[in-house]
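Trainee: Quick one: this structure, given as structure tokens, is what I'll be asking you about.
Read-outs: derived from the displayed coordinates by stated rules, not from any lab. Since this is a predicted model, take the numbers as computed values, not measurements. With ideal geometry, Cβ positions are generated from the backbone for all residues, glycine too; neighbour counts draw on all protein chains shown.
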Amino acid sequence: MRTKIEVRGLSKSFQSDKGRLEVIENISFSVQEGEFVALVGPSGCGKTTLLNLIAGFVSPDSGSVVIDGTPHEKPNSRGILISQQGSVFPWLTVRENLMFGLNGHPPADIASIADRYADIVGLKGFEDSFPHELSGGMLKRAELARALVVKPEILYMDEPFSALDALMSLRMRGELLRILAKERHTVMLITHDVEEAIHLADRILVLSARPTRIQATFEVPFSHPRRLSSVASQELRMAILRELGVEHDEADASPRG
Amino acid sequence: MQHLKASLPSITVIAILIAAWWAAVLATHSLIFPTPWAVVTGTWELIYNGTLWQHIAASLTRVAIGFGLAVCIAVPLGLWMGWVRGAYTTLNPIFQILRPISPIAWIPIAILWFGIGNVSPVYLIFISSVFPMVVQTTVGVHTIEKRYLRAAENFGVSRRTLFTRVVIPAVLPQIVVGMRIGLGVAWLVVVAAEMIALHSGLGYMIMDSRNAGNRYDLVVAGMIIIGLIGLSLDGLMRLLEGNRWVRWRYAH
């Protein structure tokens, strides 16, 4: 195992009407190659800003992000961001969306590579469909396929499944794990769903409310496929919820994080 | 059959209006204002002696040239203003001042610059349809959702690819909206321009019919034909909205 991403003392503040707003304060951690790290935290805590900083879409006020030993300042296709809203181009078909990232490849190969990835995510037969013809879950599959087709080393996922209904979100988790088992990507996932984090991640970082800091780190020692109903995973869930400020009886009452 | 059923109410209203018109003309014993039947025979006369086609062709040619030029200028200009901030801050105030000026107000200047001929109405059409199209295109670029630009940036595409594969397709539906508005204005303006200073076109035909012996049957016939052609032009632009590169915007 070698270090893939190193986050060194990242800080970021924004100018607001009420003066400067400290969003991220001195965050440092590292992610190993092939590791799946989940960041959980209260809503509005600056998780998205943190991910955008790491992916290079936003510049920090201080601190730096080092990927594979070199400073990372601008986004590129080595790390693809998948956001909650999704960004599959509505004017292109599924195949054309997948082909979008493959600009440099020889044109003859592009379509067949695109179709192979559509197949991998379960969109075979929908290559010529437009995004508005797809369901929410299929749209997520298309987005995932478009990210995977460029063979990114890192996937940055910002609440990727939270717009889906509970059943579809559960299905997409399974789908993601199935794909990751084949191609070991390094993944950073942002979620407010503790159960989702336990289902997917190797390590969970609990973030505090603004200004965001790392409040606690949990290893998830369970092997896949995971049983979320097991006592150990329930205890882990309680422990994380307590870090997030949820009382014991409240945590018991809520079926999902 | 379904289609017929849906349009039945409006057909009924039109029939009632025509009947009321006819009754009013008969009741007032008007010697000048025509009955609907007089308009029909007047139209037939224009078709029969061939002048109608000449006037329609003249008006449509002017619109085609003026509107075509406006599209060629407005779309690239709008894209540029939308994409390059400096271009927007420099040119937008000028457009905001020029835009509310009625095309009719340009007529004296058009006559002064281009004389009484074919260039003046083409210029008026150009000036009146170019502004809405520039504005729509610029707004279109400004309202592209950031997540799409960001995704394109993520895939590391060149600025050129970003423009041709993301910005232009994203704005295309707005451009078509602008073209629809622009063509509508162009048709309004050509008729107005022809009324004042020309010897052909539907606008001229209307004024000429009045001046040459109060032929109000031909005046009304001209108005109805203008309406029908305007409707067809709009229908033509609506066809564009069904295009693959535009349709996505309206599909949900």
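Trainee: Say we join alpha carbon atoms closer than 10 Å with springs in a Gaussian network model of chain B; which of B:Leu26, B:Leu198, B:Leu46 then has the biggest fluctuation?
Mentor: Top of the fluctuation ranking is B:Leu26.
Trainee: Do you know the relative contact order of chain A, to the nearest whole percent, from alpha carbon pairs under 8 angstrom that are 6+ apart?
Mentor: Reported as a whole number, the value is 25 percent.
Trainee: Taking amide H positions as placed 1.01 Å from N in the peptide plane, with prolines and chain starts having none, which residues 5 or more places from A:Gln215, or on another chain, fall under 5 Å of its amide H?
Mentor: A:Val206, A:Leu207, A:Ser208
Trainee: Report the relative contact order of segment A:89-151, percent, no decimals, based on alpha-carbon pairs under 8 angstrom and at least 6 residues apart.
Mentor: Once normalised by length, the contact order is 47 percent.
Trainee: For A:Lys18, A:Lys140, which order do you get if you count the other beta carbons within 10 Å of each Cβ and list the fewest first? Each step should come with its number before you reach the end.
Mentor: Numbers: A:Lys18 6, A:Lys140 25.
Ranked by crowding around the Cβ, least crowded first: A:Lys18, A:Lys140.
Trainee: Calculate one ³J(HN,Hα) per residue across segment B:187-194 by plugging θ = phi - 60° into the Karplus curve 6.51 cos²θ - 1.76 cosθ + 1.60, and present them in order as whole Hz with x for glycine and proline.
Mentor: Ordered by residue, 3J(HN,Hα) equals 5, 4, 6, 4, 5, 4, 5, 5 Hz.
Trainee: Whole-Hz Karplus ³J(HN,Hα) for segment B:98-106, in order, using 6.51 cos²θ - 1.76 cosθ + 1.60 and θ = phi - 60°, x for Gly and Pro?
Mentor: With the stated coefficients, segment B:98-106 comes to 6, 4, x, 6, 4, x, 4, 5, 7 Hz.
Trainee: Within straight cross-link reach of A:Lys18, meaning Cα distance under 13 Å, which aspartates and glutamates are found once same-chain residues fewer than 8 apart are removed?
Mentor: none
Trainee: What is the fewest-to-most order of A:Arg141, A:Arg227 by other Cβ atoms lying within 10 Å of their Cβ?
Mentor: Ascending Cβ contact count within 10 Å gives the list A:Arg227, A:Arg141.
Trainee: When only Cα pairs under 8 Å and 6 or more residues apart are kept, what is the percent relative contact order across segment B:36-247? If you can, show how the numbers build up before the last one.
Mentor: Numbers: 247 pairs, mean separation 58.9, N = 212.
Reported as a whole number, the value is 28 percent.
Trainee: Could you pull out the pairs from A:Lys74/A:Lys182; A:Lys74/B:Lys146; A:Lys4/B:Lys146 whose alpha carbons sit more than 25 Å apart here?
Mentor: Violating the 25 Å Cα-Cα cut-off are A:Lys74/A:Lys182; A:Lys4/B:Lys146.
Trainee: Report the residue, chosen from A:Pro90, A:Pro152, A:Pro60, that carries the largest GNM mean-square fluctuation when chain A is represented by alpha-carbon nodes joined by springs under 10 Å.
Mentor: In the Gaussian network model the winner is A:Pro90.
Trainee: A further question on this structure: What number, rounded to the nearest 500 deg cm²/dmol, is the helix-based mean residue ellipticity at 222 nm of chain A, given -39500 (n - 2.57) per DSSP H run of at least four residues and division by all its residues?
Mentor: The helix-only estimate for chain A comes to -10000 deg cm²/dmol at 222 nm.
Trainee: Based on the Cβ-Cβ distance from B:Ala15 to A:Ser129, what FRET efficiency comes out when R0 is 35 Å, to the nearest 0.05?
Mentor: 0.15
Trainee: Neighbour counts of other C-beta atoms within 10 Å: give me B:Met179, A:Met138, B:Met205 arranged from fewest to most. Could the numbers behind the result be given before it?
Mentor: Working: B:Met179 23, A:Met138 19, B:Met205 29.
Listed from fewest to most nearby Cβ atoms, that is A:Met138, B:Met179, B:Met205.
Trainee: Give me the one-decimal nm value for the distance between modelled label points at B:Asn211 and B:Leu149, 7 Å along each residue's Cα-to-Cβ direction.
Mentor: 5.3 nm
Trainee: Moving to a separate point now. Amide H neighbours of A:Leu39 under 5 Å, at least 5 residues apart or on other chains, H built in the peptide plane: list them.
Mentor: Long-range HN contacts for A:Leu39: A:Leu189, A:Ile190, A:Thr191, A:Leu205.
Trainee: Further, regarding this structure: Once fully extended, how much extra length lies between A:Leu177 and A:Arg20, figured as 0.36 nm per residue of separation less the alpha-carbon to alpha-carbon distance?
Mentor: Using 0.36 nm per residue and subtracting the Cα-Cα distance, I get 52.5 nm.
Trainee: Pull up the DSSP beta bridges for the protein assembly as shown and report the antiparallel fraction as a percent, rounded to 5.
Mentor: If we restrict to bridges inside the protein assembly as shown, about 55 percent are antiparallel.
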